[in-house]
1. If you go through the range 187-218, how many residues are under 15 Å from residue 168 (Cβ atoms) and out of contact with any strand residue (DSSP E or B) (no Cβ under 9 Å at 6 or more places or on another chain)?
2. Which one is farthest from the chain's Cα centre (by Cα) among residues in the range 124-138 that are part of a helix (DSSP H, G or I) and surrounded by 15 or more Cβ atoms within 10 Å (Cβ to Cβ)?
3. Quick one: how many residues across the range 23-45 are at pLDDT below 95 and over 17 Å from the mean Cα position of the chain (by Cα)?
4. In the range 113-123, which residue that is more than 30 Å from residue 242 (Cβ to Cβ) and without any contact (Cβ under 8 Å) to a residue 40 or more places away in the chain is surrounded by the fewest Cβ atoms within 10 Å (Cβ to Cβ)?
5. What single numbered condition from (1) under 25 Å from residue 33 (Cα atoms); (2) modelled with pLDDT of 95 or more; (3) out of contact with any helix residue (DSSP H, G or I) (no Cβ under 7 Å at 6 or more places or on another chain) fails to hold for residue 121?
6. Out of (1) over 16 Å from the mean Cα position of the chain (by Cα); (2) within 21 Å of residue 100 (Cα to Cα), what's the single condition that is false for residue 204?
7. Return the pair list, or none, for Cβ contacts closer than 8 Å from residues in the range 221-249 that are without any contact (Cβ under 8 Å) to a residue 24 or more places away in the chain to residues that are assigned to a helix (DSSP H, G or I) and surrounded by 12 or more Cβ atoms within 10 Å (Cβ to Cβ), at least 6 apart or on different chains.
8. Looking at the range 145-159 only, could you name the residues that are part of a loop (DSSP other than H, G, I, E, B) and surrounded by 13 or more Cβ atoms within 10 Å (Cβ to Cβ)?
């Protein structure tokens, strides 16, 4: 190689290295919850009588979900740390959050459909997939039928005393911490009009992911007495979460 060619090559390499350092990178890092805390939080999504024999999965931020306990009753529970509902919004999904907490449990039909999406999202994030690309990938899989509806009616539980997630993911990226234990019934092809429902109601069932989304859910919020009992029964869990991160504190204590 001639001297001037070698010099040009060296300059090109230096320029590449400078640009590589200067280019912004999207962090996929996620601080794991303490193992015992994540286990307790995941199980809190279920009614008490289903917890002992349920399958539990804990998140390895460098891999995705790993089985922590193989259950026998057909229910599966975990804590979602990346909420794929955010991908339904029209706003740009350009960064991952490290403060999402969505304890959620599925029966067998939901485990092979709904839960599958959560696990794919976690695996893709762990492997370094950029947020915008992950949003595009998941939405494409819904569009092309890769993610289909459950093959029969069933139920999912979100009875944990706390959730931190997107308030109205289809509209904006605002995240809130709240306590609203509820039941969810698979209802692909159903809309709020079919139920005579509003978009949200504490008193009456309503739809999440209305038709034509294949993962439509009828949401039934637990009654006030049940909600208060759940909060009271998990006071120590709530205190530990609040001590871990201020975003995990409920505003009303």
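1. Here the count works out to 1.
2. Here the answer is 137.
3. Number of matching residues: 5.
4. Among residues in the range 113-123 that are more than 30 Å from residue 242 (Cβ to Cβ) and without any contact (Cβ under 8 Å) to a residue 40 or more places away in the chain, the one surrounded by the fewest Cβ atoms within 10 Å (Cβ to Cβ) is 116.
5. Condition not satisfied by residue 121: (3).
6. Tallying (1) over 16 Å from the mean Cα position of the chain (by Cα); (2) within 21 Å of residue 100 (Cα to Cα), residue 204 fails exactly one: (2).
7. Taking only residues 6 or more apart or on different chains, the pairs are 242/248.
8. Hits for the range 145-159 are 146, 147, 148, 149, 150, 154, 159.
The values are calculated or read from the model by the stated rules, or taken from the named source; none is laboratory data. The structure presented is a predicted model; accordingly, all values stated were derived computationally and were not measured. We place every Cβ from the backbone using ideal geometry, glycine too, and count neighbours over all the protein chains shown.
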